[in-house]
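Where a number appears in this text, it was derived from the coordinates with a stated rule and is not lab data. Remember, it's a predicted structure, so these values are computed and weren't measured experimentally. Note: ideal-geometry Cβ built from the backbone for every residue, glycine included; neighbour counts use all protein chains shown.
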Amino acid sequence: MVNDTSVVEIDKALGEIDKLEDEMVGVRESLKKLDRLTGILSDVRRILHGSKDAINQLDFERRVLEEEKKKKDEEISQLTGEQRKILEEYDQIESQLKKFQSLVSKFEEKEFKFEDVKAMLSIFTILLEEIFQGQPHARILFTLHGGASSMTRDQLKNATGISGAMVLRAVHELDRADLVKYDSDTSEVTLVRRIY
């Protein structure tokens, strides 16, 4: 009887060892899965850090752009009434130019005399291409084309109704565009290039 009990106990022990081996195999498989999961978690952590850095960079760039926009808004709000009027007149000139271009394209193939339209288009095209804020420049060019091709800065101011500072600025820009020659000693403005 003692031998039978010992055999049963040994069988039980062997069964427990088999179970432990099976559990160890399961644990090994779980550890392999954990190793793979650790790699995936490292990738996710790296991606999240990258996303965080990108979000921080975007936030920084957004703040920079907001600051630039704020500065531009302040600059725009500081425009004087005269400058705003000039901008409005510039928009009107641009609108008129588009109308003229439309007319030219409609009547291009027909026999149609539009020397006056061509003359105005020539002035507007040069002003829009070469000089910003064309209205004071256009008045000065029209004045120099219409009468004397040489006038003093004060004569231009009186003839065009433009303030002295705006005349001076426009004359300097027209001079840089080689449309007029300005002599700062005599304040004489001379038409260099006749457009029409």
Exercise. Apply the Karplus parameterisation 6.51 cos²θ - 1.76 cosθ + 1.60, with θ equal to phi minus 60°, to every residue of region 88-99 and state each ³J(HN,Hα) to the nearest whole Hz, in sequence, with x for glycine and proline.
Key: 5, 5, 4, 4, 5, 4, 4, 5, 5, 4, 4, 5
Practice problem: Treat each spin label as a single point 7 Å out from the Cα along the C-beta direction, and report the Q96 to V8 distance in nm. | Solution: 11.9 nm
Exercise. In whole Hz, with x marking every Gly and Pro, tabulate ³J(HN,Hα) for region 18-24 from phi via Karplus 6.51 cos²θ - 1.76 cosθ + 1.60, θ = phi - 60°.
Key: 4, 4, 4, 5, 4, 5, 5
Exercise. Mind giving me the nanometre distance, one decimal, between the label points for R193 and D178, set 7 Å out from Cα along Cα→Cβ?
Key: 0.6 nm
Self-check item: Candidate lysines - alpha carbon under 23 Å from K118, same-chain residues fewer than 8 apart omitted
Solution: K98, K99, K106, K110
Self-check item: Simple label model, 7 Å out from Cα along Cβ direction - Q83 to R46, nm
Solution: 5.2 nm
Quiz item: For region 1-78, what is Rg from Cα atoms divided by 2.2 N^0.38 Å, rounded to two decimals?
Solution: 2.86
